[in-house]
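Below: one structure, written as structure tokens.
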Amino acid sequence: MAKLPEDRRVSDVIHRDAMEGILWWNSMTEGDRANWMKIAGCAVPAEAWAAYKRHVKQHLSVSDAVPRKD
């Protein structure tokens, strides 16, 4: 399989992230949107998405990510 040029792979990652952000934004209530914009410190949805991703990264521990085998 041929590899994509580096700039194409970066573009695909950016596009995927943007689409995930749009889906995230569209799935929320107006109140949730307002909350994330407040956390982001501005009224830009992309900044709210970035704030959400930072929040998840900071609060997701290994134990949360790996299912327990009880």
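The values are calculated or read from the model by the stated rules, or taken from the named source; none is laboratory data. What you are looking at is a predicted structure, and each value in this text was computed from that prediction instead of being measured. Cβ coordinates were reconstructed from backbone atoms using ideal geometry, including for glycine residues, and neighbour counts include every protein chain displayed.
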Could you list all residues from the stretch 19-41 that are among the hydrophobic types (A, V, I, L, M, F, W, C) and surrounded by 12 or more Cβ atoms within 10 Å (Cβ to Cβ)? I22, W24, W25, M28, A34, W36, M37, I39, A40
Tell me the helices (runs of 4 or more DSSP H) entirely within the chain that contain at least 1 residues that are at pLDDT 85 or above and over 16 Å from the mean Cα position of the chain (by Cα). 30-40
